[in-house]
C-alpha cells in the first residue's frame, strides 16, 4: 500500500459513510475523523504504538467531522496525484514528539457535500450536549491528565442516557487548549448545551 492508496481509501470511506448517513435519522448517524501519517508502527499482540501512531492520532483530531487530515510527509507524497484540495492547518505539537507536525485537511477539489449547511447544523430532535476539555488552571501537567480523564468519564456517563445525544470525545477535544465562544461551539457541533469546566 502507498500513501496515495491510504489517502484515497480514507476519503472514499468518509464519502461512503456520508452517503449512508443521508438515509438515517440524525441520532442514528455515525461520524468519524481520520488522520493519515507515514511512519514506523510497532505491533504487539492487539496493540499498536510508536511515533507513527501518535502523530496519526493527533492530526486525526484536527480533521473536521467526517473529514480527513494528513501529515506533511503524506502530503508531499500525494500532492498532484489525486483530484483533492489540501488546506494547510499549520504546525501542531504532538505529545512526546520533539518537532511540531504540519497537517493538511483533505477535500475534493470541487466539493459536493452530501448535506447542505442547513442540514448539517440542524440540531438533533432529543436534547444534545458537548462536554469540552476542562481547563487546567493549576499549571501542573499531571492535573491536565486528571482533567482529561474526568471529562472522558462524564462523556461516558452521559452517553448511557438514551434520551440524551452526546457529542463524541474526539469532536469535543478538538477545542482543547483553545479560547472558545460557547455559542459558536454549540453551532459548530450542532448541540443545544455545552459543558465546560476547570481544574485548580
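The values are calculated or read from the model by the stated rules, or taken from the named source; none is laboratory data. Only a predicted model underlies this, so the values are computations on that prediction, with no experimental measurement involved. Positions of Cβ are backbone-derived with ideal geometry, glycine not excepted, and every protein chain shown enters the neighbour counts.
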Hits in region 128-148 - residues which are closer than 17 Å to residue 169 by Cβ, part of a helix (DSSP H, G or I) and either out of contact with any strand residue (DSSP E or B) (no Cβ under 8 Å at 6 or more places or on another chain) or not assigned by TED's automatic domain parsing to the domain that holds residue 181 (or both)
145, 148
May I ask you to list the residues in region 169-187 that are touching a residue at least 60 places away in the same chain (Cβ under 8 Å) and in contact with a strand residue (DSSP E or B) (Cβ under 9 Å, 6 or more places away or on another chain)?
171
Being buried (at least 16 other Cβ atoms within 10 Å of the Cβ), in contact with a helix residue (DSSP H, G or I) (Cβ under 9 Å, 6 or more places away or on another chain) and farther than 20 Å from residue 62 by Cα: is that true of residue 165 here?
yes
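Residues checked against (1) at pLDDT below 85; (2) exposed (fewer than 12 other Cβ atoms within 10 Å of the Cβ):
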| position | (1), (2) |
| --- | --- |
| 86 | no, no |
| 102 | no, no |
| 114 | yes, no |
| 124 | yes, no |
| 139 | yes, yes |
| 147 | no, no |
| 151 | no, no |
| 157 | no, yes |
